[in-house]
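In what follows, a single structure is set out as C-alpha cells and then discussed.
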Amino acid sequence: MSPKTDITYYLETFFKSFEPELKAKIASAGTLRSIPAGEIIMRTGQYIKHTVLIADGRVKLYREGTDGEEAFIYYLEQGNACALSMICATKQESSQIMAKAVEDTMVIMIPIQLMDELMKTYRSWYYFVIENYRSRFEELLTVLDSVIFKGMDERLDFYLRNQFKNSGVKELPITHLEIANDLNTSREVISRLLKKMEQNKKIKLFRNHIAWVE
C-alpha cells in the first residue's frame, strides 16, 4: 500500500500528538477519502455522520444566506479538524455551514459513533478537540472583529495577508469574485481596492492570481 493512501502515514506525519493507541484506533475504524478541488464536503442542513480530520489540502468553511450569498468563516489546513463537525456529530444535529475543498484534499473520516469513546478513553484526543474548539473560536472572533470594526480596505488587507501566510506562497491563485464572495461584498469594490493596493506596491495583479510584493 502506498504511504499516501495509508491512514497511518498521515496520522504519524501530521497528528503526532496522538498517542499510539489512538492512532491505531483511528487507523482501524476511520476511512481515507480523496476530495478533488471544488467539491462540497459538507452542506447546510446535512446530518453529520463523520468527524473530519484534514490530512492534506485545504478546506473553506462558509455560511450561506437566504438569497444564496456566501459569507467566509475560515479555512482548515493540514493537521486541523473540523470543530463544527465534532459539535454536530456529538449532538446529532444538522450542519449549519458549508465546507468545500479549495485544493485537492485528503481527509480522515471518523464515524460519529466513536466520539464518546475517543473522548473518554484517549487523553490526547480530548486535548486535540479542546484545542480545535479554542482555535476555531479565536478565528471566528477575528472574523467578527473584522466585520464590525474594520473598513473594507482593512478587511481586504487582513484577508490577503492571512491567505498568503497560511498558504505559504507568494502567488495566490484567486479571482476578484472569489474574494468578494468571501468578504460578502461586490466584485467591483474588491477590484477597486486591489488596484489601490497595487498602486501602493503591496501586491501585483495578474489575470488569474495575485502576487504579494510588500
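The residues on offer are 53, 11, 22, and the sole one that is touching a Lys or Arg at 6+ places or on another chain (Cβ under 7 Å), surrounded by 19 or more Cβ atoms within 10 Å (Cβ to Cβ) and touching a residue at least 12 places away in the same chain (Cβ under 8 Å) is 11. Reported count of residues in the stretch 108-122, each being within 23 Å of the chain's Cα centre (by Cα) and not aliphatic (A, V, I, L, M), is 1. For residue 26, the requirement of being assigned to a strand (DSSP E or B) and either of a type outside the set (Gly, Ala, Ser) or under 13 Å from the mean Cα position of the chain (by Cα) (or both) is not met. Please work out if residue 109 is of a type in the set (A, V, I, L, M) and at pLDDT 90 or above. For residue 109, the condition - of a type in the set (A, V, I, L, M) and at pLDDT 90 or above - is met. Would you confirm, using the coordinates I've provided, whether residue 16 is touching a residue at least 12 places away in the same chain (Cβ under 8 Å) and open to solvent by 40 Å² or more (accessible area, probe 1.4 Å)? No, not satisfied. If you go through the stretch 118-140 one residue at a time, do you hit one that is modelled with pLDDT under 90, in a helix (DSSP H, G or I), more than 22 Å from residue 45 (Cβ to Cβ) and small (Gly, Ala, Ser)? Yes, because at least one residue in the stretch 118-140 is modelled with pLDDT under 90, in a helix (DSSP H, G or I), more than 22 Å from residue 45 (Cβ to Cβ) and small (Gly, Ala, Ser). Determine whether the stretch 185-200 contains at least one residue that is charged (D, E, K, R), within 23 Å of the chain's Cα centre (by Cα), over 25 Å from residue 67 (Cβ atoms) and modelled with pLDDT of 85 or more. No: the stretch 185-200 contains no residue that is charged (D, E, K, R), within 23 Å of the chain's Cα centre (by Cα), over 25 Å from residue 67 (Cβ atoms) and modelled with pLDDT of 85 or more.
Checking the structure you have, find out if any residue of the stretch 138-156 is among the small types (Gly, Ala, Ser), within 23 Å of residue 84 (Cβ to Cβ), surrounded by 16 or more Cβ atoms within 10 Å (Cβ to Cβ) and in contact with a helix residue (DSSP H, G or I) (Cβ under 9 Å, 6 or more places away or on another chain). Checked the stretch 138-156: at least one residue is among the small types (Gly, Ala, Ser), within 23 Å of residue 84 (Cβ to Cβ), surrounded by 16 or more Cβ atoms within 10 Å (Cβ to Cβ) and in contact with a helix residue (DSSP H, G or I) (Cβ under 9 Å, 6 or more places away or on another chain).
If I filter the stretch 177-214 down to residues being touching a Phe, Trp or Tyr at 6+ places or on another chain (Cβ under 8 Å) and either in a helix (DSSP H, G or I) or among the small types (Gly, Ala, Ser) (or both), which single residue comes out as surrounded by the fewest Cβ atoms within 10 Å (Cβ to Cβ)? Filtering the stretch 177-214 for residues that are touching a Phe, Trp or Tyr at 6+ places or on another chain (Cβ under 8 Å) and either in a helix (DSSP H, G or I) or among the small types (Gly, Ala, Ser) (or both), the one surrounded by the fewest Cβ atoms within 10 Å (Cβ to Cβ) comes out as 181. Looking only at residues of the stretch 79-101 that are crowded, with 18+ Cβ neighbours inside 10 Å and assigned to a loop (DSSP other than H, G, I, E, B), we find that the one that is modelled with the lowest pLDDT is 95.
The values are calculated or read from the model by the stated rules, or taken from the named source; none is laboratory data. In this text the structure is predicted, and so the values were computed from the model without any measurement. FYI the Cβ positions are ideal-geometry reconstructions off the backbone, even for glycines, and counts take in every protein chain you see. Areas reflect the complete protein model, heavy atoms only, side chains present, ligands, DNA and RNA absent. Shrake-Rupley method; radii C 1.70, N 1.55, O 1.52, S 1.80 Å.
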